[in-house]
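These notes concern the structure reproduced below.
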């Protein structure tokens, strides 16, 4: 499969899980994974999962506006740069965000998230 | 370079990059190499000459970048660093600055500095 298609499928899967089954995101990270969430640095699947599960909202919906990919030069790694909006239940105005993923292939033919950086884009 | 705090290194690079962009745009070419890739608002360019050409031909003579946030993480690629920037871009004569996000993947050169292997730029529309 075209790596771009695999990476695009991964991004769709990531936000779909986030919005419908957030604890399952833990399976997309490993021990070496890093998340920087609005400037806060977190390492390892367990801590990352705890952070995401502990965000102060139960339900959310991500709508993706742009997705850009480039090979990262790190053994078939892919850099994925996403922008979109995040709608929280009961909030009138969606939050705009940008996110960077560095995806590394797994032996099973999928990807896991090695690097993850998330920033809200304030108006 | 290896002994410096990665946050300091990435902040220094970011300052240098945008100062060069704003004061001497043609000088950016030395920060890219043949393998470098730029995706600029969805358009893809490869190699320092093509990237420099794109940046030099953007439809404004002067500009000023103001950086709001810089996040960095090691990329797992032999000393490589991912840098995620958000900020605003002011163009002369334009009342409202443009908001943007940009990611760089910086990779060490043999001489001990960094070059841009990956560069992705997006405007953040209201």
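The values are calculated or read from the model by the stated rules, or taken from the named source; none is laboratory data. Treat the numbers as computed from the prediction; the structure is a model and nothing was measured. Here Cβ is always computed from backbone atoms with ideal geometry, including for glycine, and neighbour counts include all displayed protein chains.
Results, tabulated for the structure shown:
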item	result
Complete set of residues in the range A:86-102 that are part of a strand (DSSP E or B) and away from chain B (no Cβ under 11 Å)	A:86, A:87, A:88, A:95
Matching residues in the range A:105-121 - criterion: being at the interface with chain B (Cβ under 8 Å from one of its Cβ atoms) and under 12 Å from residue A:34 (Cβ atoms)	A:114, A:115, A:117
Filtered residues of the range A:56-96 (kept if more than 26 Å from residue B:104 (Cα to Cα) and without any contact (Cβ under 8 Å) to a residue 24 or more places away in the chain)	A:56, A:90, A:91, A:92, A:93
Of all residues in the range B:6-28 being part of a helix (DSSP H, G or I) and surrounded by fewer than 12 Cβ atoms within 10 Å (Cβ to Cβ), the one that is modelled with the lowest pLDDT	B:8
Count - residues of the range B:110-126 that are over 17 Å from residue B:14 (Cα atoms) and surrounded by 19 or more Cβ atoms within 10 Å (Cβ to Cβ)	1
Hey, residue A:73 modelled with pLDDT under 95, within 11 Å of another protein chain (Cβ to nearest Cβ) and in contact with a strand residue (DSSP E or B) (Cβ under 8 Å, 6 or more places away or on another chain) or not	yes
The range A:76-85 - residue that is crowded, with 18+ Cβ neighbours inside 10 Å and more than 8 Å from every other protein chain (Cβ to nearest Cβ) and, of those, farthest from residue A:5 (Cα to Cα)	A:84
Residue check, residue A:19 in contact with a strand residue (DSSP E or B) (Cβ under 6 Å, 6 or more places away or on another chain), over 29 Å from residue B:36 (Cβ atoms) and not in a strand (DSSP E or B)	yes
Test: residue in the range B:31-46 that is touching a strand residue (DSSP E or B) at 6+ places or on another chain (Cβ under 6 Å) and away from chain A (no Cβ under 14 Å)	yes
Extreme residue, modelled with the lowest pLDDT, among residues of the range A:94-118 that are surrounded by fewer than 22 Cβ atoms within 10 Å (Cβ to Cβ) and over 19 Å from residue A:45 (Cα atoms)	A:109
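Conditions (1) touching a helix residue (DSSP H, G or I) at 6+ places or on another chain (Cβ under 9 Å); (2) more than 9 Å from chain A (Cβ to nearest Cβ); (3) more than 26 Å from residue A:39 (Cβ to Cβ); (4) in contact (Cβ under 8 Å) with a residue 12 or more places away in the chain, marked per residue:
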| position | (1), (2), (3), (4) |
| --- | --- |
| B:26 | yes, yes, yes, yes |
| B:49 | yes, yes, yes, yes |
| B:56 | yes, yes, yes, yes |
| B:77 | no, no, no, yes |
| B:95 | no, yes, yes, no |
| B:106 | yes, yes, no, yes |
| B:124 | no, no, no, yes |
